[in-house]
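The values are calculated or read from the model by the stated rules, or taken from the named source; none is laboratory data. In this text, all values refer to a predicted model and were calculated from it rather than measured experimentally. Cβ sites come from the backbone with ideal geometry, for glycine too, and all protein chains shown count toward neighbours.
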Amino acid sequence: MLEGLYSAASGLAAQQNRLDAVANDLANASTTGYKPVRVAYADLAYAAPTTGGQGDVQTGAGAVARFAGRDARQGALQPTGRPLDVALQGPGFLRVRRPDGTDALTRDGALQLDAQGRLTTASGDLVQPAVTAPAGVGADQLSVASDGSVSANGRPLGRIELVDVPNPDGLVALGGSLFGPSAASGAVRPAPAGTTLAGGHLEASAVDLAGSMTAMMEAQRAFQLVSKAISTRDEVWGIANGVKRA
């Protein structure tokens, strides 16, 4: 009888994982450049019954919800009019350096100048390779070309590097729109030639609010059904124990 309880418990865990993924997507519905998570279900191991039953009949151990990558659809371009706002068009990322000295990748193109005139993201991560504006030059005097070239009043200052990885699904999520390369993602390499930057725009989150809310309701209903299966199993055990005592 324990097999049914184990299967139901695995179902609860699977639906909880799905709920967590959808909740994270909804929390990032307004995060620039965010890509929603895709979750897939897989069967756990099957085995022959331990007692009784036919030899060719197997019992399953339930299901598990697994990370299946991120939705790579291009988010809508939102015009902002700010010269340092850039939106990636096509696959790829901006390369930035975090305060701890490690490099990360992002599609959040809400750029700004820090106190030293260096080009950074809104969270303070330095754009790599570094681009620094001369003293006295403000953000409104800068412009970013579609290939990432940055200039101030026509004077070249540097170039924002557009990069990619062989397997974006293998990137490690670092929070928000930041990702770290890993062995699964492959080494960082130049972005495809067709990837460009749209100045004065930001890429909106790719989260579909209606679809995510529907997915959350489905997961909640499934969670309730599996919970009911566990409570029913508990009632059956109670009846069986009562019969045994009688």
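Restricting attention to region 79-98, the residues that are exposed (fewer than 15 other Cβ atoms within 10 Å of the Cβ) and at pLDDT 90 or above add up to 2.
Tallying residues that are crowded, with 17+ Cβ neighbours inside 10 Å and polar (S, T, N, Q) within region 152-177 yields 1.
Report, by residue number, each residue of region 178-191 that is part of a loop (DSSP other than H, G, I, E, B) and surrounded by 12 or more Cβ atoms within 10 Å (Cβ to Cβ).
Correct list: PRO181, SER182, ALA184, SER185, GLY186, VAL188, ALA191.
Number of residues in region 123-138 that are surrounded by 15 or more Cβ atoms within 10 Å (Cβ to Cβ) and either assigned to a strand (DSSP E or B) or of a type in the set (Gly, Ala, Ser) (or both): the value is 5.
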